[in-house]
1. Could you grab me the full set of residues in region 450-463 that are part of a loop (DSSP other than H, G, I, E, B) and touching a strand residue (DSSP E or B) at 6+ places or on another chain (Cβ under 9 Å)?
2. How about region 7-25: which of its residues are under 15 Å from residue 44 (Cβ atoms), aliphatic (A, V, I, L, M) and not in a strand (DSSP E or B)?
3. Could you check region 39-129 for helices (runs of 4 or more DSSP H) lying wholly inside it with 1 or more residues that are among the small types (Gly, Ala, Ser), without any contact (Cβ under 8 Å) to a residue 60 or more places away in the chain and over 21 Å from residue 186 (Cβ atoms)?
4. Can you go through 211, 206 and tell me which one is outside any loop (DSSP other than H, G, I, E, B), of a type in the set (Ser, Thr, Tyr) and on the phi < 0 side of the Ramachandran plot?
5. Give me the pairs: first residue in region 281-298 and farther than 14 Å from residue 420 by Cβ, second residue open to solvent by 60 Å² or more (accessible area, probe 1.4 Å), beta-carbon distance under 6 Å, and six or more apart or on different chains, which are they?
6. Please work out if residue 359 is among the basic types (Lys, Arg) and either over 19 Å from residue 508 (Cβ atoms) or touching a helix residue (DSSP H, G or I) at 6+ places or on another chain (Cβ under 7 Å) (or both).
7. Could you check region 71-114 and list, in sequence order, the residues that are of a type in the set (S, T, N, Q), more than 22 Å from residue 142 (Cα to Cα) and loosely packed, with under 12 Cβ neighbours inside 10 Å?
8. Looking at (1) assigned to a loop (DSSP other than H, G, I, E, B); (2) without any contact (Cβ under 8 Å) to a residue 40 or more places away in the chain; (3) surrounded by 15 or more Cβ atoms within 10 Å (Cβ to Cβ), which one does residue 200 not meet, given that it meets all the others?
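The values are calculated or read from the model by the stated rules, or taken from the named source; none is laboratory data. No experiment lies behind these values; they were computed from the predicted model shown. In this analysis, Cβ positions are derived from the backbone assuming ideal geometry, glycine residues included, and neighbour counts consider all displayed protein chains. Heads up: the accessible areas ignore ligands, DNA and RNA and are worked out on the full protein's heavy atoms, side chains in. Shrake-Rupley method; radii C 1.70, N 1.55, O 1.52, S 1.80 Å.
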Amino acid sequence: MGSKKIKSALISVFHKDNLDQLVKVLADNNVQLYSTGGTQKFIEDLGIAVTPVEEITDYPSIFSGRVKTLHPKIFGGILNRRDNESDKEEKATHSIPDIDLVVVDLYPFEATVASGAPEAEIIEKIDIGGISLIRGAAKNFNDVLIVSSMEQYAETVDILSAQNGETTLEQRKRFATKAFDISSHYDSAIFNYFNQGGQEDVFKESIRQASPLRYGENPHQQGAFFGDLNELFDKLNGKELSYNNLVDVDAAVNLIREFEGETAFAIIKHTNACGVAKGTSVKEAYLRALSSDNISAFGGVLVTNAKVDMAAAEEINKLFCEVLIAPEYDEEAVTLLKSKKNRIILKIKPVATNKKQFKTLLNGVIMQDADLKTDVAEDLKTVTKTAPTQEQVEAMLFASKVCKHTKSNTVVFANKDMMLSSGTGQTSRVDALNQAVEKAATFGMELKGAVMASDAFFPFPDCVEFADNAGVVAVIQPGGSIKDQLSIDYCDEHGMAMVMTGTRHFKH
């Protein structure tokens, strides 16, 4: 029921990899082939008969190939309804041949944009004829099979070989679904290229790679990842990444990028850092990071921006962790780390940071620019009588980087080399401060001489007073409260240094 014998095919493709097998199976089934330009020559070079499209249209390819297949006889051959008497009469009147199979792909628009090509070259890669053929053939899936990607060549060969050149309605509809996926993705990419300045206030995103997950945040929730993880990581070991793994990996990667040019290590749990440190080696940085909370580190996601050598691997291997991420590994280190078969080991590649963020919310989507601002020394405005020392400035900038990637409300205690403790995701900044002080005491972190970073301003002086009593000597915060002066006055009265950045780093 619904089976159709393919008797004629139009083939016009940009990518010709593995096309020969498809052409040969069509020829073996005595399919009449029509083609254009380079594809026509490709088929002829295989020694297979092919009819130029111009013989159907009685019209040449014009405007340097910009117009080849855009003709009523081509689209009539694709779109006519085989069981419609009126369509049959018109087809005969105008000598329109049936086209039962369309094999077409699209100019590589996205790849051309990614290559940094000039705009004129990018515009030429906006496919017109191809996209029209795909849509026309997909619309008429009752009678026509559309093969819209070279990734479908092998499956098409298998179908035609197994079914004596016939296709079922279910197969044609499934291929049509793929075709509309390709065409909608293509149009979204073109729109987003033209709309880089945000002239049109609309939301269009299309991600075609999908990886099903075992489940979402919890076992009763289905989940999937849309994106190409292979573009970002080489997986060297371990089970498949889970939903929660992916969320933590994202947090880890974004945090470690803050420490470019330094040897740094971070341990992430539920998207928050439970340890971050710098060192002269990965081993030293890891041990410092672990020391600030070796309990939360259990089952966490570990990340570094330097090569993991055997010395570091021996220490890391003592800890149960879900994921380890690094740009490089010594071969012997990987061998040791693979001793835990479920441990996920990722080698991260240098990939650009996303400039936009979005997520579903209520009955829609919210989108924003990613927070790509990193506080630097030039941003700091000293607002107290006591100016911070150079070492304190280094410590405050370190703390600010960690604070930026921690759930609000948050405060972070640090020295110039490591996070000492943090208070994360609290309903008030006082609660966050209390949590950080208690955590420092629990793990034996000395706060005397430490600095404190806050992701937002202090509405009252109670936070700096509490920090002062804990031993903190310098504070970095964005400022902006109408009561900023109260905190400044407290610092002046107690010899503390305070700097303001003018940039808030909320993370909800």
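1. 450, 455, 456, 457, 458
2. If the condition is that a residue be under 15 Å from residue 44 (Cβ atoms), aliphatic (A, V, I, L, M) and not in a strand (DSSP E or B), then 13, 19, 23 are the ones that fit.
3. Because the criterion is at least 1 residues that are among the small types (Gly, Ala, Ser), without any contact (Cβ under 8 Å) to a residue 60 or more places away in the chain and over 21 Å from residue 186 (Cβ atoms), the helices (runs of 4 or more DSSP H) in region 39-129 that meet it are 72-79, 85-93.
4. Working: 206 fails: outside any loop (DSSP other than H, G, I, E, B).
Every option except 211 fails the conditions.
5. Qualifying pairs under 6 Å: 298/320.
6. no
7. Result: 93, single match.
8. The one condition residue 200 does not meet is (3).
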